[in-house]
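*Asks:* There's a structure below that I have some questions on.
The values are calculated or read from the model by the stated rules, or taken from the named source; none is laboratory data. As the structure is a prediction and not an experimental result, all values here were calculated from the model. Heads up, the Cβs are rebuilt from the backbone with ideal geometry, glycines too, and the neighbour counts pull from every protein chain shown. Keep in mind that these areas ignore ligands, DNA and RNA; they rest on the heavy atoms of the full protein, side chains included. Shrake-Rupley method; radii C 1.70, N 1.55, O 1.52, S 1.80 Å.
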Amino acid sequence: MTAVTTPEAIETVRLMTLRQALKLEIVGMRRSGKSAHTLLRQIGFKGNKESILNQLNQEINSRLPADWEI
């Protein structure tokens, strides 16, 4: 198990969590408060839900160490 202690690692885990929430929104699940789509747009991602998901996957993959697989 790896501890998430650096600001970069914490942000990566946050993006991974928002990615999962966005996947659920795409299939129709709703949540209270702001949607993952809205939160990701505030961070700087642009486009519809599917294009933001693709951008998010690329961003997360670029941040992860080479030996990690998601």
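*Asks:* Can you pull the Rg over Rh of the chain, Cα-only, Kirkwood?
*Replies:* Working: Rg = 12.6 Å, Rh = 12.8 Å.
With Rh from the inverse mean 1/r over Cα pairs, Rg/Rh is 0.98.
*Asks:* Something else about it: Per residue, how much accessible area does the chain have with a 1.4 Å probe, in Å²? Mind dumping the intermediate values first?
*Replies:* Working: 5110 Å² over 70 residues.
Here the residues of the chain average 73 Å² of exposed surface.
*Asks:* Sticking with this one: Would you work out which of T12, G33, L53 lies farthest towards the positive end of the dipole of the chain? Charges go on Cβ: Lys and Arg +1, Asp and Glu -1.
*Replies:* Value: G33.
*Asks:* Using a Förster distance of 25 Å, how high is the FRET efficiency between S51 and I10, based on the Cβ-Cβ distance and rounded to 0.05?
*Replies:* 0.50
*Asks:* Something else about it: Tell me, what % of the accessible area of region 1-45 is carbon and sulfur with a 1.4 angstrom probe?
*Replies:* Details: 1900 of 3220 Å².
Heavy-atom surface of region 1-45 belonging to carbon and sulfur, 1.4 Å probe: 59 percent.
*Asks:* At 222 nm, what helix-only mean residue ellipticity would the chain give, in deg cm²/dmol to the nearest 500, using -39500 (n - 2.57) for each DSSP H run of four or more? Mind dumping the intermediate values first?
*Replies:* Values: 3 runs with 43 residues, N = 70.
So the calculated ellipticity at 222 nm is -20000 deg cm²/dmol.
*Asks:* Give me the angle, in degrees from 0 to 90, between the Cα long axis of helix 49-63 and the longest principal axis of the Cα atoms of the chain, rounded to the nearest 10.
*Replies:* Compared with the principal axis, the helix lies near 10 degrees.
*Asks:* Continuing with this model, one more query. Normalising by the residue count of region 9-70, find the relative contact order in percent from Cα pairs under 8 Å and 6+ residues apart. Walk me through the numbers before you get to the answer.
*Replies:* Values: 30 pairs, mean separation 22.9, N = 62.
Relative contact order, region 9-70: 37 percent.
*Asks:* Can you tell me the dipole magnitude for the chain around its Cα centre, using point charges on the Cβ only (Lys, Arg +1; Asp, Glu -1), in Debye to the nearest 20? Each step should come with its number before you reach the end.
*Replies:* On the way: 10 positive and 7 negative charges, 95 e Å.
For this selection, approximately 460 debye.
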